[in-house]
Amino acid sequence: MSTTAHPARLSTASNNFETDFKARLHWSAETDAGIEQRVADILRDVQQRGDAAVLDYTARFDGLQTTAMTELELTQTELKVAFDGLPAVQRVALQAAAARVRSYHEAQRKASGESWSYRDEDGTLLGQKVTPLDRVGIYVPGGKAAYPSSVLMNAIPAHVAGVAEIIMVVPTPKGEKNMLVLAAAYVAGVTRAFTVGGAQAVAALAYGTETIPKVDKITGPGNAYVAAAKRRVFGTVGIDMIAGPSEILVLADGSTPPDWVAMDLFSQAEHDELAQSILLCPDAAYIDQVQASINRLLPEMPRREIIAKSLTDRGALILTRRMEEACDISNRIAPEHLEVSSRDPHRWEPLLKHAGAIFLGAYTSESLGDYCAGPNHVLPTSGTARFSSPLGVYDFQKRSSLIEVSEAGAQTLGQIASTLAHGEGLQAHARAAEMRLKF
């Protein structure tokens, strides 16, 4: 396979830029019809047969043969043993990352997650009551790669929000358990954990089985089967989002060492052949330097084939007329990760409206946000940052409106409601308000 990468070279000054730009951005989120049908069958089967179906699919897809669901549940003791068995440097790193993620989400909860109320002059109370979800499920990928960071990013904000039960599911193909994932579950405060994955795990969380409890919301990334299952169970439970391939956009003024930028582009490209890495820069000579860095550094990368295909098929190095134009294009893309790699990133940040996370300055590599900076790494993809937000404490809370109308308030509000209800032809609504009026 190729160990060279050739991202598309585009220029906003070209007459063909719009056509080439749109072609490079295009990615279809539509699920294969065959996957949709298989997922529908799995969901139906788990809903009907519960544990028995989960055991069958776990044996079929993960090669994990067992006749008892108890063998698929990880005990708290097993999670702690996994943590205690890690090398000291990993234990320290895991705890440090968890502390930063927890600190950030505690600040988030204080800023926007508190109940509030006030009273009108007539004594009517209006407000909002914020309460946590009772039980959530977090899906942690466990196939080609293991992601302990995903455990932290999903479980910790749920814990901070006050969720009473956090149920983790993670596939363990052939029974191979990743100790760092189990240790992360211990550090993050996961309540129960099961070695189950795929659409069957999503179905078990959504509908409940004899062993796996039904949850209120499912969060966490997965493959096409997991994404299709989450889409189908939405409404029965809440979900965080339907994630597409990972993305990074680097907005550069040419002041950052080109090797740094090349490696930042690699950091997303190594996830998946469909991942997208884009550089926007007004300096043509600097773009040449970044391409040279790509050529020199790529052969050193263990996942070079994946990186090469991702950059060649979906990557782009785009020459802009000026940094302001680069900011405009960035807003059109609305990337998952946006690095502002410039001498004065705060000059450009006010111009940037749409991104999952914005990384300011040359020293702020996206990878720090993935693991330990503190903000959540579960981010909107495929342009959905135009209307979506990162996973946070607010995703594990719900809001109830508080209304307490005083006797005096009912005299004013009752007349308004009566008039509007009659206008809508809803006489019972009107009468209910009128009965409280003092004529």
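The values are calculated or read from the model by the stated rules, or taken from the named source; none is laboratory data. As the structure is a prediction and not an experimental result, all values here were calculated from the model. Counting neighbours? That spans all protein chains shown, and the Cβs are built from the backbone with ideal geometry, glycine included.
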Counting only residues that are among the small types (Gly, Ala, Ser) and surrounded by 11 or more Cβ atoms within 10 Å (Cβ to Cβ), which one in the range 24-50 is modelled with the lowest pLDDT?
29
Test: residue 404 is charged (D, E, K, R) and surrounded by fewer than 13 Cβ atoms within 10 Å (Cβ to Cβ):
yes
Just wondering, is there one or more residues in the range 191-198 that are in a helix (DSSP H, G or I) and assigned by TED's automatic domain parsing to the domain that holds residue 352?
no
What residue, among those in the range 215-235 that are of a type in the set (Lys, Arg) and assigned to a helix (DSSP H, G or I), is farthest from the chain's Cα centre (by Cα)?
232
Among the residues in the range 171-194, are any surrounded by fewer than 21 Cβ atoms within 10 Å (Cβ to Cβ), closer than 30 Å to residue 51 by Cα and among the small types (Gly, Ala, Ser)?
yes
Please verify whether residue 107 is at pLDDT 95 or above and of a type outside the set (Asp, Glu), treating the condition exactly as stated.
no
Within the range 327-373, tally of residues that are of a type in the set (Ser, Thr, Tyr), over 16 Å from residue 153 (Cβ atoms) and touching a His at 6+ places or on another chain (Cβ under 9 Å)
1
Identity of the residue in the range 98-122, surrounded by fewer than 12 Cβ atoms within 10 Å (Cβ to Cβ) and among the aromatic types (Phe, Trp, Tyr), that ends up nearest to residue 391 (Cα to Cα)
116
Being surrounded by fewer than 20 Cβ atoms within 10 Å (Cβ to Cβ), of a type in the set (Gly, Ala, Ser), more than 19 Å from the chain's Cα centre (by Cα) and more than 28 Å from residue 47 (Cβ to Cβ) narrows it down to one of 208, 162, so name that one.
162
Condition first: more than 18 Å from the chain's Cα centre (by Cα) and not small (Gly, Ala, Ser). Now tell me which residues in the range 192-204 satisfy that.
192, 194, 195, 196, 200
Kindly list the number of the only condition in (1) of a type in the set (D, E, K, R); (2) surrounded by 14 or more Cβ atoms within 10 Å (Cβ to Cβ); (3) more than 29 Å from residue 202 (Cβ to Cβ); (4) under 27 Å from the mean Cα position of the chain (by Cα) that fails for residue 129.
(2)
Of the residues in the range 269-287, those that are crowded, with 18+ Cβ neighbours inside 10 Å and not in a loop (DSSP other than H, G, I, E, B) come to 269, 276, 277, 278, 279, 280, 281, 286, 287
Kindly list, by first and then second residue, each pair from a residue in the range 47-74 that is on the phi > 0 side of the Ramachandran plot to a residue that is of a type outside the set (A, V, I, L, M, F, W, C), limited to pairs with Cβ atoms under 9 Å and residues at least 6 apart or on different chains.
50/207; 50/208; 50/209; 50/210; 50/211; 63/173; 63/174; 63/175
With the checklist (1) among the aromatic types (Phe, Trp, Tyr); (2) under 30 Å from residue 291 (Cβ atoms); (3) in contact (Cβ under 8 Å) with a residue 40 or more places away in the chain in hand, flag the one item residue 17 doesn't pass.
(3)
Only one of 418, 367 is touching a helix residue (DSSP H, G or I) at 6+ places or on another chain (Cβ under 9 Å), in contact (Cβ under 8 Å) with a residue 12 or more places away in the chain, in a helix (DSSP H, G or I) and over 24 Å from residue 341 (Cα atoms). Can you tell me which?
418
Looking only at residues that are in contact with a Pro (Cβ under 7 Å, 6 or more places away or on another chain) and among the hydrophobic types (A, V, I, L, M, F, W, C) in the range 357-379, which one is surrounded by the fewest Cβ atoms within 10 Å (Cβ to Cβ)?
360
Taking the range 314-353, which residues are part of a loop (DSSP other than H, G, I, E, B) and either over 26 Å from the mean Cα position of the chain (by Cα) or more than 21 Å from residue 20 (Cβ to Cβ) (or both)?
320, 321, 322, 336, 342, 343, 344, 352, 353
